[in-house]
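Enquirer: Sending over a structure as structure tokens; questions will come in a sec.
Every number in this text was worked out from the coordinates using simple rules, so none of it is lab data. None of the values given here were measured: they were computed from a predicted structure. So basically every Cβ, Gly included, is an ideal-geometry build from the backbone, and we count neighbours across all protein chains shown.
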Amino acid sequence: MNAAGCLRGLGLAAALAGSGLASAQIMSNPGQWYINNQIYSTRVFNATVGTAMTTGSAASKPAAAPAAPPRDTTRFAMTPAPLLPGRIAEREAASASARRDAQARYLRYVELYRSTARKDGFPADDLAYAYQYFVVNNYQLHNDLVDVPPEQDPRLRGAVDGFARIEAAARKRQLQVSPLAERKVYQQFRAQLAASADVQKMNDAQKQEAAETLAIAYGVNFDGYLAGLERRDDALAQQARDAARTGVEKLLGRPMARIRIDERGIVAD
């Protein structure tokens, strides 16, 4: 998954660079507070799902999926216009112009989610994909596996010569989550969420709101990370990594250091 490429295609990188947002505004604002509280208080965002998915050793096998869950439980009828950006912007900004800017920013995050789903062949109208998108992308962000320009890449900046740079780039490609691994993570979430009684009770609007919350939360992390790399602001980039780690750990109920994503899906030591 290359969300960075999709973001550049949507013009988000340029929009961020020209926004004049300070570090604190990107990573710590009322909108982000709202997003975090929405995620971490929702009945489907808890360690129960993650524990079921990551039980066992990464050296052995991923957790077994529940038997024959309802096939379409995680899908929802998606409205053409996103539901949450305006609501979050209303809480975040006091003035009309600030609300418009905030809403546009959150709309771009949802469009990034939808366009990445199209590009990678996943259904955007599926809560399981929203969870996969959130986990995989935050995992890659935390581990500096996002595709960024070489001169900004933390994994390449320390290379002492061209050969070391080639080796570092090759190692990064090996560690990035492959399309096969993404598909496996999607299947894991689809099985676990479909088997959840809480998810089975959710209506279409609730599922879409949950999916958009996950998409926006990752978008905020991603913007902060890119801004940190572009400005050589190591503190801001680290803040984004920390936020990515926190989100994944809260969902999966495991320390990031114990989590791996490979062709078996999400596995934990």
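Enquirer: Return yes or no: is Tyr218 of a type in the set (Phe, Trp, Tyr), out of contact with any Ser or Thr (no Cβ under 9 Å at 6 or more places or on another chain) and either under 17 Å from Ala128 (Cβ atoms) or without any contact (Cβ under 8 Å) to a residue 12 or more places away in the chain (or both)?
Expert: yes
Enquirer: What are the pairs, 6+ residues apart or on separate chains, where a residue within the stretch 187-212 that is assigned to a helix (DSSP H, G or I) has its Cβ under 7 Å from a residue that is small (Gly, Ala, Ser) and buried (at least 21 other Cβ atoms within 10 Å of the Cβ)?
Expert: Gln188/Gly265; Phe189/Ala128; Arg190/Ala128; Leu193/Ala128; Ala210/Ala130; Ala211/Ala130
Enquirer: Ok, one more. List every residue pair whose Cβ atoms lie under 8 Å apart, where the two residues are 6 or more positions apart in sequence or sit on different chains, the first residue falls within the stretch 81-99 and is part of a loop (DSSP other than H, G, I, E, B), and the second residue, located anywhere, is surrounded by 14 or more Cβ atoms within 10 Å (Cβ to Cβ) and β-branched (Val, Ile, Thr).
Expert: Pro82/Val110; Leu84/Val110; Leu84/Thr213; Leu84/Ile216
Enquirer: Which one of these is assigned to a helix (DSSP H, G or I) and over 30 Å from Arg75 (Cβ atoms): Gly228, Gly247?
Expert: Just a single option satisfies the conditions, and that option is Gly228.
Enquirer: Sticking with this one: Could you list, ordered by first residue, the pairs with Cβ atoms under 8 Å in which the first is in the stretch 227-254 and without any contact (Cβ under 8 Å) to a residue 60 or more places away in the chain and surrounded by fewer than 21 Cβ atoms within 10 Å (Cβ to Cβ) and the second is assigned to a helix (DSSP H, G or I) and among the hydrophobic types (A, V, I, L, M, F, W, C), at least 6 apart or interchain?
Expert: Matching pairs, first to second residue: Glu249/Met256.
Enquirer: Scan the stretch 199-208 and tell me whether some residue there is under 13 Å from Thr74 (Cβ atoms), surrounded by 15 or more Cβ atoms within 10 Å (Cβ to Cβ), in contact with a Phe, Trp or Tyr (Cβ under 8 Å, 6 or more places away or on another chain) and of a type in the set (Lys, Arg).
Expert: For the stretch 199-208, residues under 13 Å from Thr74 (Cβ atoms), surrounded by 15 or more Cβ atoms within 10 Å (Cβ to Cβ), in contact with a Phe, Trp or Tyr (Cβ under 8 Å, 6 or more places away or on another chain) and of a type in the set (Lys, Arg): present.
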